[in-house]
1. Taking each residue in B:93-102, count the Cβ atoms of any other chain within 10 Å of its Cβ, then average. What number comes out?
2. For the interface of B with A, what's the total buried accessible surface in square angstrom, probe 1.4 angstrom, rounded to the nearest hundred?
3. Placing +1 at every Lys and Arg Cβ and -1 at every Asp and Glu Cβ, with all other atoms neutral, what dipole size does region B:1-76 have around its Cα centre, in debye to the nearest 20?
4. Where the accessible area of chain B is counted over protein heavy atoms with a 1.4 Å probe, how much of it, in %, is carbon and sulfur?
5. May I ask which residue of A:91, A:43, A:101 lies farthest towards the positive end of the charge dipole of chain A, with charges of +1 (Lys, Arg) and -1 (Asp, Glu) on Cβ and the Cα centre as origin?
6. Return the percentage of antiparallel bridges among DSSP beta bridges fully within chain B, rounded to the nearest 5 %.
7. Is the protein assembly as shown best put as rounded, prolate or oblate by its Cα gyration tensor, with a ≥ b ≥ c the root eigenvalues, rounded for a/c under 1.5, and otherwise prolate when a/b is larger than b/c, oblate when not?
8. I'd like the Karplus ³J(HN,Hα) series for region B:39-46: coefficients 6.51, -1.76, 1.60, θ = phi - 60°, whole numbers in Hz, and an x wherever there's a Gly or Pro.
Amino acid sequence: DAGVIQSPRHEVTEMGQEVTLRCKPISGHNSLFWYRQTMMRGLELLIYFNNNVPIDDSGMPEDRFSAKMPNASFSTLKIQPSEPRDSAVYFCASSLGVLQPQHFGDGTRLSIL
Amino acid sequence: AQTVTQSQPEMSVQEAETVTLSCTYDTSESDYYLFWYKQPPSRQMILVIRQEAYKQQNATENRFSVNFQKAAKSFSLKISDSQLGDAAMYFCAYAVNSNYQLIWGAGTKLIIKP
């Protein structure tokens, strides 16, 4: 079975540029999560979708961050404009629902210069 | 407040030995699930084991087992016959029925000595 697929695996870009991270959840999973992981803050939940609808985006740092899920098989996380402090590993995870294990993608390592 | 505490930032064990990673949590909910995830240097987050709170029997997955003490709100992970490939960060987490979020611990770095 295909797991959660994220792209790109690595992204290096200059401050001020737009960054788009992509995620394909596991087929049949109705819950999708975007996380950010840093050494200082650990794993932070950015946004949660259920059945393609954003349920909680309170973890999104600021208006520069936006996320969409146009259908059950695709989601994006966009940062515009990017800043050096956005450098982190961004994970997408999906699950069958509350109380079910979350399955993670390989993450995108984002470096903003 | 819902919290997860992993009191050991780092643990080391000799290859083939047994190691136990500790985890305590705080919740007032009665219906919840507990998880251990592993994150090797490759950074992928991998589910190791899951425990349903309503089950008294401790979950096991091959060399991995848990000691679930519900009254004490403790959920430790035992790794038997440690292998070099077990070297990773290990995160404890739980989910409650009333909330979609996983509550995560800060992680324990496990070092395997050859």
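The values are calculated or read from the model by the stated rules, or taken from the named source; none is laboratory data. Nothing here was measured: the structure is a model prediction, and the numbers come from that model. Virtual Cβ from ideal backbone geometry, glycine too; neighbours counted across all protein chains shown. Note: areas computed on protein heavy atoms with side chains; ligands, DNA, RNA excluded. Shrake-Rupley method; radii C 1.70, N 1.55, O 1.52, S 1.80 Å.
1. 5
2. Chains B and A together bury roughly 1800 Å² of accessible area.
3. Values: 7 positive and 8 negative charges, 23 e Å.
Dipole of region B:1-76, to the nearest 20 debye: 100 debye.
4. Working: 2500 of 5540 Å².
Its accessible area is 45 percent carbon and sulfur atoms.
5. A:101
6. Working: 36 of 41 bridges.
DSSP beta bridges in chain B are roughly 90 percent antiparallel.
7. On the way: a/c = 1.95, a/b = 1.45, b/c = 1.35.
Prolate shape, in that a/c is at least 1.5 and a/b is the bigger ratio.
8. Once rounded to whole Hz, the list reads 10, x, x, 5, 6, 5, 8, 10.
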